[in-house]
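Taken together, the values in this text are just the output of simple stated rules run on the coordinates, not laboratory data. What you are looking at is a predicted structure, and each value in this text was computed from that prediction instead of being measured. Virtual Cβ from ideal backbone geometry, glycine too; neighbours counted across all protein chains shown.
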Amino acid sequence: MVQGFPSVQPGDRPPVGKRDPADVTVLRVVHLRRHIADLRRRIADGAQEQPRFPIEVETHERASRAVPLEQVDACALQRGSGDSFKVSITRAQITVKSVNFEDKGNGIYYLEVTRFGETTNDEWDEAVAKAKGAKGIVLDLRSNPGGYLSAAVYLASEFLDSGTVLLQEDANGDRAPLSVQSTENDHAFAGIPVVVLIDEGSASASEILAAALSERVNAKLVGEKSFGKGTVQDAVDFDDGSGLHLTVAKWLTPSGEWVHDKGLEPDFKVELTDEDINAGRDPQLDKALDLLP
């Protein structure tokens with residue numbers, strides 16, 4: 001167990017809308033668990049207990065408010081039954097890319113999208129340009145909480161050359177399609193087999209992308225049922241630091257299905273257990289690769 005980290009509820013995930021989810025602190029649970037497993041492997045041999053990271057709320061808030069390069073005594077570590085010791089950390093602004101790319105060989109490429117933010121389209125274009133001669137794509141949307149609706153449409157357009165990506169329905173029940181748009185790499189993945197990884201942390205814009213590829217190009221979904229957020233929101237920030245999220249529409253899949261509170265069911269249900277993570281295994285990714293030619 002990790003002590004001191006704030007709990008994250010499904011409703012904490014940022015909505016589709018104008019606010020960049022990079023501005024919202026999101027604890028990506030699966031990835032955190034992977035980091036913890038890696039840290040445990042690095043702990044000196046002979047440790048009899050799991051490392052503990054007690055962080056008091058006040059300390060966490062102080063660390064969050066610290067100016068860049070300021071050192072903060074933020075947490076304490078403990079090995080086995082020995083005495084705990086404090087660790088100082090230096091606060092800095094770290095930019096985490098939202099698109100990760102890996103060449104799996106034989107024309108198979110893995111692209112992970114962790115959120116849909118301001119820089120996602122540019123990062124996506126850079127990754128797609130590297131996937132020359134692609135014969136199959138694994139698109140990893142696990143633990144992706146969503147973000148900009150426009151970015152989801154743009155990424156879907158890489159796999160489609162025309163037609164509808166999603167439908168928006170207003171309060172009167174009127175529906176309007178959001179269609180495929182041009183891409184920097186000219187729809188480079190159109191006609192190429194794709195498998196999409198999803199889990200309970202895949203929400204909102206990531207579900208828009210997964211649903212569009214599932215319905216439009218018969219992409220197979222692998223993993224676990226997605227979160228199920230089918231609304232579009234606008235965000236308004238006020239001078240006092242408060243804000244308002246206003247639901248302005250529903251989004252529907254190209255066939256008109258509303259996944260709100262239901263989520264997307266995977267075509268191949270594959271669990272990722274703590275044992276898998278601790279052992280460095282990823283059976284969901286393994287299944288996705290098996291499905292590609």
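What full-extension length gain, to one decimal in nm, is calculated for VAL217 and ASP267 as 0.36 nm per residue of separation minus the Cα-Cα distance? Working shown, then result.
On the way: separation 50, 0.36 × 50 = 18.00 nm, distance 1.39 nm.
Roughly 16.6 nm would be gained on extension.
Given contacts defined as C-alpha pairs under 8 Å and at least six residues apart, what's the relative contact order of the stretch 99-291, whole-number percent? List each step's numbers first, then the result.
Working: 428 pairs, mean separation 36.9, N = 193.
After rounding, I find 19 percent.
Which whole-Hz couplings ³J(HN,Hα) result when phi for each residue of the stretch 219-226 is put into the Karplus expression 6.51 cos²θ - 1.76 cosθ + 1.60, θ = phi - 60°, listed in order with x for Gly and Pro?
Using θ = phi - 60°, the values come out as 5, 8, 9, 10, x, 10, 4, 6 Hz.
Name the long-range amide H neighbours of PHE116: under 5 Å, sequence gap of 5 or more, or other chain; modelled H, no Pro or chain starts.
GLY146, GLY147, TYR148
Whose amide H sits under 5 Å from the amide H of GLY163, counting only residues 5 or more places off or on another chain, with H placed in the peptide plane?
Amide H neighbours of GLY163, under 5 Å, 5+ apart: VAL180.
Under a 5 Å amide H to amide H cut-off, with H placed in plane at 1.01 Å, what residues pair with VAL248 once short-range neighbours are removed?
HN-HN under 5 Å from VAL248: VAL232, GLN233, ASP234.
Highest mean first, what order results for 266-279, 88-101 on Cβ atoms within 10 Å? Let's see the in-between values first.
Values: 266-279: 14.4, 88-101: 12.8.
Per-residue mean Cβ counts within 10 Å order the peptides as 266-279, 88-101.
In whole angstrom, how far apart do the alpha carbon centroids of the stretch 93-113 and the stretch 202-245 sit?
20
Return the distance in nm (one decimal) between the two label points of a simple spin-label model at SER150 and THR247, each offset 7 Å from Cα along Cα→Cβ.
2.5
How much length would be gained if the chain were fully extended between ASP290 and LYS130, taking 0.36 nm per residue of separation minus their Cα-Cα distance, in nm to one decimal?
Values: separation 160, 0.36 × 160 = 57.60 nm, distance 2.22 nm.
Going from the current span to full extension adds 55.4 nm.
Can you compute the FRET efficiency between LEU77 and ASN278 using 1/(1 + (r/R0)^6), with r the Cβ-Cβ distance and R0 = 25 Å? Round to the nearest 0.05. Let's see the in-between values first.
Details: r = 19 Å, r/R0 = 0.75.
Computed FRET efficiency for LEU77 and ASN278 comes out at 0.85.
Could you give the distance between the Cα centres of the stretch 164-197 and the stretch 130-144, to the whole Å?
About 17 Å separates the Cα centre of the stretch 164-197 from the one of the stretch 130-144.
In sequence order, what are the phi-derived ³J(HN,Hα) couplings for the stretch 109-122 according to the Karplus relation 6.51 cos²θ - 1.76 cosθ + 1.60 with θ = phi - 60°, rounded to whole Hz, with x for glycine and proline?
10, 10, 10, 9, 10, 8, 6, 10, x, 5, 9, 4, 4, 5
ALA92 versus VAL236, label points 7 Å from Cα toward the beta carbon: distance in nm?
Output for this residue pair reads 4.0 nm.
Which of the peptides 151-159, 127-135 is most tightly packed, and how do the rest follow, going by the mean number of other Cβ atoms within 10 Å of each residue? Don't jump to the answer; show the numbers that get you there.
Working: 151-159: 24.9, 127-135: 15.0.
So the peptides 151-159, 127-135, ranked by packing, come out 151-159, 127-135.
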